1. Tally up the residues in region 141-157 that are in contact with a Lys or Arg (Cβ under 7 Å, 6 or more places away or on another chain) and either part of a loop (DSSP other than H, G, I, E, B) or at pLDDT below 95 (or both), please.
2. Any residue that is within 27 Å of GLY135 (Cβ to Cβ) and in contact (Cβ under 8 Å) with a residue 60 or more places away in the chain - is there at least one of those in region 54-69?
3. I'd like to verify a number: residues in region 187-199 that are within 27 Å of SER211 (Cβ to Cβ) and out of contact with any Ser or Thr (no Cβ under 8 Å at 6 or more places or on another chain), how many?
4. What pairs come out if I take residues in region 71-84 that are more than 12 Å from GLU95 (Cβ to Cβ) and pair them with residues that are of a type in the set (A, V, I, L, M, F, W, C) whose C-beta lies under 7 Å away, six or more apart or interchain?
5. Identify the single condition in (1) surrounded by 16 or more Cβ atoms within 10 Å (Cβ to Cβ); (2) out of contact with any Gly (no Cβ under 8 Å at 6 or more places or on another chain) that ALA88 does not satisfy, given that it satisfies every other one.
6. I'm told LEU94 meets every condition in (1) touching a residue at least 24 places away in the same chain (Cβ under 8 Å); (2) in a loop (DSSP other than H, G, I, E, B) except one. Can you identify the failing condition by its number?
7. Given the condition more than 22 Å from ARG204 (Cα to Cα) and at pLDDT 95 or above, answer yes or no: does some residue in region 111-123 qualify?
8. Within region 127-138, identify whether any single residue is within 27 Å of ARG209 (Cβ to Cβ) and crowded, with 17+ Cβ neighbours inside 10 Å, and answer yes or no.
Amino acid sequence: MKTISVPEIWEKIHANRPWGRYPSEESVRFFMANRDRSGGAPRVLDIGAGAGAVSWFMARNGAQVTALEGSPSALRQLEQTLEFFHVASGVTSLEGDITAPGTLVSGAFELLVDHYALLCNHERKLRDALAIYRGLLAPGGRMLSCLFGPLCSGLGTGILVAPNTWKGITEGVLANTGVSSIWTLDQAADLFHEAGFKIAYKERQIHERESVVVEKIILWADPR
């Protein structure tokens with residue numbers, strides 16, 4: 001049996017749940033503001049690319065994208081997304097563990113995009129992964145990281161297994177997704193600083209959707 005490079009629960013989620021095909025405002029804003037930092041046609045690593053909602057958009061707008069994803073089902077959806085938007089080039093999909101990118105990719109990337117992906121791991125693995133991603137950034141490069149904060153609904157339904165890691169949440173945006181690392185804005189900034197980054201921009205958004213509160217933590221981080 002083939003080993004899957006993602007927690008089993010995420011393969012089940014991607015196999016049984018359709019995902020949106022359009023990128024979020026925070027990912028669009030980051031890419032459009034930073035795509036010309038290297039003079040155009042940036043090399044981008046989409047971390048936990050999922051069904052490709054961000055990958056296709058970046059490729060359509062001039063990037064050379066490596067879409068790193070551990071779920072085979074998600075990668076099949078990604079190919080469908082590229083076909084839907086008629087994106088025939090600019091995206092290379094790569095199956096593998098997003099917490100161990102050093103064994104999968106080489107070279108330097110102008111942009112790294114973590115769109116609510118790395119948080120779906122124990123904080124220990126997240127810390128180790130960030131140090132590796134720091135080494136994959138080109139000089140002058142920048143990383144987007146989108147996380148969730150402690151005001152999100154449903155955390156009380158889970159079990160706190162480490163200072164910032166929850167397991168078994170059954171309600172809210174993180175319901176039934178296994179392990180989640182949750183950070184305040186200041187904690188997230190410290191996390192990236194410890195991994196060798198400096199924060200270029202940070203933002204906290206709070207949304208309420210049908211009585212479900214979602215706290216978004218958004219960072220733009222540069223190598224230091």
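The values are calculated or read from the model by the stated rules, or taken from the named source; none is laboratory data. Keep in mind that this is a model prediction, so the values were computed, not measured. Methodologically, a virtual Cβ is constructed for each residue, glycine included, from the backbone with ideal geometry; neighbour enumeration extends over all protein chains shown.
1. The initial filter retains those residues of region 141-157 that are in contact with a Lys or Arg (Cβ under 7 Å, 6 or more places away or on another chain), namely 142, 146, 148-149.
From what is left, the residues that are either part of a loop (DSSP other than H, G, I, E, B) or at pLDDT below 95 (or both) are 149.
Total satisfying the criteria: 1.
2. Among the residues of region 54-69, at least one is within 27 Å of GLY135 (Cβ to Cβ) and in contact (Cβ under 8 Å) with a residue 60 or more places away in the chain, which makes the answer yes.
3. Looking only at that region, the number is 1.
4. From region 71-84, the pairs are GLN77/TRP19; GLN77/ALA51; THR81/ALA51; THR81/ALA53; THR81/TRP56; LEU82/TRP56; LEU82/VAL91.
5. Single failed check for ALA88: (1).
6. (2)
7. No, region 111-123 contains no residue that is more than 22 Å from ARG204 (Cα to Cα) and at pLDDT 95 or above.
8. Checking region 127-138: not a single residue is within 27 Å of ARG209 (Cβ to Cβ) and crowded, with 17+ Cβ neighbours inside 10 Å.
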